Amino acid sequence: MSRFPFPRYPNGWFQVAYSDEIAPGDVARLSYFGKELVAFRGESGELRVLDAYCPHLGAHLAVGGKVEGDTLRCPFHGWRFDGQGQCVEVPYAKRIPPKSSTPCWPVVERNGLVLVWHHAEGKAPQWEIPTLPEYQNEAWTDYTRLRWKIRSHNQEMAENAVDRAHFHYVHGTLEVPESKVEIDGPYLRMVQKSKLGTPRGPIEGQIASTNYGMGFGHTRFTGIVETLLIGCVAPIDDEYLDVRFSFTVKKLGNADVMRGVGKALIADIEKQMGEDMPIWENKRYIAKPLLCDADGPVPAFRRWCSQFYTWPEGSAPAATEAAA
Ligand code: FES
Ligand SMILES: [Fe+2]
């Protein structure tokens, strides 16, 4: 029995690598959505993602597969596949058998991240991942990258943001932060005012985040130091999530002070993740939660999430609290 009364793999964009991890000619093995995938970067620089098992006799294309031009050669019998997963050569046969292909995944590279589009029914991408002005901008630092493997579900982790009360009880923030949530199709925007402690006393800060489906979101912290956090959560299998946070900090005035404050903010988020993890990994999902008047907009958040699921035949979303 699944721990969650909704599909394990939501539809959307999910980060599976960083661009700089896969150079031209490289082949990478990826495990996401309960599947084995192969990513390869052709010599022209184009990055492609295919289902990993060769349709001939099942070799794993990422284990010994070789890039040739913009194609990938299987290590087992040398069949060669193009970026769409179509077989373009069987070196020892006169004819390529019909329907010789392996499924191909929509992929984008944005802001130094590699994202693939997952859709349970194979539908084309329904929204785009934005290009963020902070990336590769002289005025901003290179990414600080953090990564976790967490036994949870995308929806459960994301719910954290609208769960106001936990900030005090789990993270020890002094006040329960007030936040404004705005839902717009696949986008969920949130603005939160917060008091940030500094050596010069508390400063009013603002945290503004936008989620693009359940796999990709960015958060801008303003106040003492400007920081951008790109948060990506990709389901690996029925149990685990692959979580990558990429931070960039604006280079302002005194570089040492800026770096110190930026580091403190990143350390604080890493600490918060450590505090949330044991809760996420061991909790269960309550479809009809017992909410009180000071809880955040949990029902609205859950309705937003429900659009990213393809429900298997016969499993009605009414089983969740969509009506709440
Ligand atoms: S298994 Fe790939 S070519 Fe035979
Ligand atoms: Fe949290």
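The values are calculated or read from the model by the stated rules, or taken from the named source; none is laboratory data. On a predicted model such as this, the values are computed, not experimentally measured, just so you know. Every residue, glycine among them, receives a Cβ derived from its backbone with ideal geometry; neighbour counts consider all protein chains shown.
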Please determine, by comparing only the residues of region 77-91 that are among the hydrophobic types (A, V, I, L, M, F, W, C) and over 19 Å from Lys35 (Cβ atoms), which one is surrounded by the fewest Cβ atoms within 10 Å (Cβ to Cβ). Val88
Condition met for Gly12 (under 26 Å from Gly215 (Cβ atoms), in contact (Cβ under 8 Å) with a residue 40 or more places away in the chain and crowded, with 17+ Cβ neighbours inside 10 Å): yes
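For the condition more than 16 Å from ligand 1 (Cβ to nearest atom) and in a loop (DSSP other than H, G, I, E, B), what is the one hit in Lys99, Lys180, Lys123, Lys149? Before the answer, list the steps.
On the way: Lys99 fails: more than 16 Å from ligand 1 (Cβ to nearest atom); Lys180 fails: in a loop (DSSP other than H, G, I, E, B); Lys149 fails: in a loop (DSSP other than H, G, I, E, B).
Selected residue: Lys123, the only one of Lys99, Lys180, Lys123, Lys149 that is more than 16 Å from ligand 1 (Cβ to nearest atom) and in a loop (DSSP other than H, G, I, E, B).
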Can you name every residue in region 58-74 that is in a loop (DSSP other than H, G, I, E, B) and surrounded by fewer than 16 Cβ atoms within 10 Å (Cβ to Cβ)? Gly58, Val63, Gly64, Gly69
When residues of region 152-177 are filtered for being farther than 24 Å from Ser194 by Cα and either at pLDDT below 90 or in a loop (DSSP other than H, G, I, E, B) (or both), how many remain? 2
Considering only residues that are out of contact with any Leu (no Cβ under 6 Å at 6 or more places or on another chain) and either surrounded by fewer than 16 Cβ atoms within 10 Å (Cβ to Cβ) or of a type in the set (Ser, Thr, Tyr) (or both), which ones fall in region 223-238? Asp237, Asp238
Suppose we keep only residues that are in contact (Cβ under 8 Å) with a residue 40 or more places away in the chain and either over 23 Å from the mean Cα position of the chain (by Cα) or more than 10 Å from ligand 2 (Cβ to nearest atom) (or both) within region 160-170. Which one would you say is surrounded by the fewest Cβ atoms within 10 Å (Cβ to Cβ)? Ala165
On the given criteria, is Arg29 of a type outside the set (A, V, I, L, M), within 18 Å of the chain's Cα centre (by Cα) and either within 16 Å of ligand 1 (Cβ to nearest atom) or in a loop (DSSP other than H, G, I, E, B) (or both)? yes
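Within region 48-57, which residues are farther than 22 Å from Val116 by Cβ and surrounded by 13 or more Cβ atoms within 10 Å (Cβ to Cβ)?
Kept after step one, since they are farther than 22 Å from Val116 by Cβ, are these residues of region 48-57: 56-57.
Correct list: His56 only.
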